[in-house]
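Please treat every number below as a calculation from the coordinates, not as lab data. If you're wondering where the values come from, they're calculated on a predicted model, not measured in any experiment. Here Cβ is always computed from backbone atoms with ideal geometry, including for glycine, and neighbour counts include all displayed protein chains.
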Amino acid sequence: MTKNALITGITGQDGSYLAEFLLGKPDYVVHGLVRRSSTLNRQRIDPITRDPANRDRFRLHYADLADASSLSMLMEELKPDEVYNLGAQSHVRVSFDQPLYTADVVGSGALRVLEAVRHLARSKAVKFYQASSSEMFGAASPPQTMETPFHPRSPYACAKLYAHWQTINYRESYDMFACSGILFNHESPRRGESFVTRKITLGATRIKEGLQKKLVMGNLEAKRDWGFAGDYVEAMWMMLQQPKPDDYIVAMGETHSVRDFLELTFGMLDMDYNDFVDFDPRYTRPAEVDVLLGDPTKAREQLGWKPRVDFRGLVQMMVEHDLELARREKFALGYRAV
């Protein structure tokens, strides 16, 4: 029996990996929500779109998390079996500069999707996944568990917490199959270039190839629980296959500092990061989150989820990808590739 899955944020890192994961199963048709804009930002899903095997199984639709009517109409048209709400303004530092936009898209946007799902659920069973964030824990002492009180430290984290509690409220109020995955930091070669991990691997590889001289960073002491995005999207799907809806933490259960990430990245390129990294306070947050460390016990025991890529493997994957990009850039500029 064919299942219809709708993914908001399908052009992002997580959306593209989730689409590939679902299309790897023979019984899924994947629908993606995209916004109309003057420029296209679909490089992450271009390989999916071009694959002839996906011609009848992968479709894109125009709608917007800021527009409730477009979401409702799309929901009625597609009648999805599973809805994955991954769309967001997801950059924490940017949320301090655009707090109202972040609150609308991340917080109210999730509520609009929930409301559209609720109305559809009157006529058919629909399972809903909300992408919650470890940033909701913020200043809470590590390790962070399902029992840890939330203490958000950014407009983004506050908006995510609003969406998280609305998901729980809709589950309890309307008997909806609604789950939240509290995902700790998950990265990949598809991570946006302004996020710290990708900024490091891009900068280091460009320095290695002589394309830039310095890498300017903010807080190097912040510690995060980093995993591979491709592993984490499988946990999303697992949550919707359970007999009852619930919330789960998805994490590696270990921390590494930004400085650790720098040291490992530059070390893989036979360089010392101390020779190339400068500090700029503009890249720090008004309210810092010092340590995020998740306890994934529940996800591992109840879902059977287990990550395949460790921290070193993640960094190596990103370095190899961005080194190839740097070499292509160098060649395009007229240098001899090395």
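Would you kindly state how much longer the chain becomes between D272 and V216 on full extension, computed as 0.36 nm times their sequence separation minus their alpha carbon distance, in nm to one decimal?
Between D272 and V216, full extension yields 18.7 nm more.
Distance from a point 7 Å along Cα→Cβ of E254 to each backbone N in the stretch 212-247: keep the residues under 19 Å and list them by number.
222-232
Just how many % of Cα pairs in the stretch 8-74 lie over 21 Å apart, if you round to the nearest whole percent?
24
Can you compute the equivalent ellipsoid semi-axes for the chain, i.e. the square root of 5 times each eigenvalue of the Cα gyration tensor, sorted largest first and rounded to whole Å?
The equivalent ellipsoid of the chain has semi-axes of 33, 24, 19 Å.
Placing one identical point scatterer on every Cα of the stretch 62-143 and ignoring solvent, what is log10 I(q)/I(0) from the Debye formula at q = 0.25 Å⁻¹?
The computed values of log10 I(q)/I(0) come out as -1.19.
Considering only D275, D104, D295, give the residue with the highest GNM mean-square fluctuation for the chain, with springs between Cα atoms whenever their separation is below 10 Å.
With Cα springs under 10 Å in the chain, the top fluctuation among D275, D104, D295 is at D275.
Name the residues whose placed amide hydrogens come within less than 5 Å of the amide hydrogen of H186, ignoring near sequence neighbours (fewer than 5 apart) on the same chain.
G227
In bins 10 Å wide, starting from 0, what share of all Cα pairs of the stretch 173-300 does each bin hold, as a percent?
Taking every Cα pair in the stretch 173-300, the percentages come to 12, 36, 29, 16, 7, 2.
At a 10 Å Cβ-Cβ cut-off, how would you order V277, V216, V113, fewest neighbours first?
Listed from fewest to most nearby Cβ atoms, that is V216, V277, V113.
List the aspartates and glutamates whose Cα sits under 12 Å from the Cα of K3, skipping any in the same chain fewer than 8 residues away.
Here the aspartates and glutamates satisfying the reach criterion relative to K3 are D27, D81, E82.
Taking the Cα atoms of the stretch 108-253, what is the range of coordinates along each of the three principal axes, in descending order and whole Å?
Here the spans come out as 60, 31, 27 Å, largest first.
Sorted from largest down, give the three principal axis spans of the alpha carbons of the stretch 96-159, whole angstrom values.
Result, largest extent first: 43, 30, 12 Å.
Which order, highest average first, do 185-195, 51-61 follow once you tally other Cβ atoms within 10 Å for each residue and take the mean per peptide?
The packing order, highest mean first, is 185-195, 51-61.
Straight-line reach from K208: which lysines have Cα under 27 Å away, leaving out those fewer than 8 places along the same chain?
Counting by Cα, and skipping residues close in sequence, K208 has these lysines nearby: K199, K223, K330.
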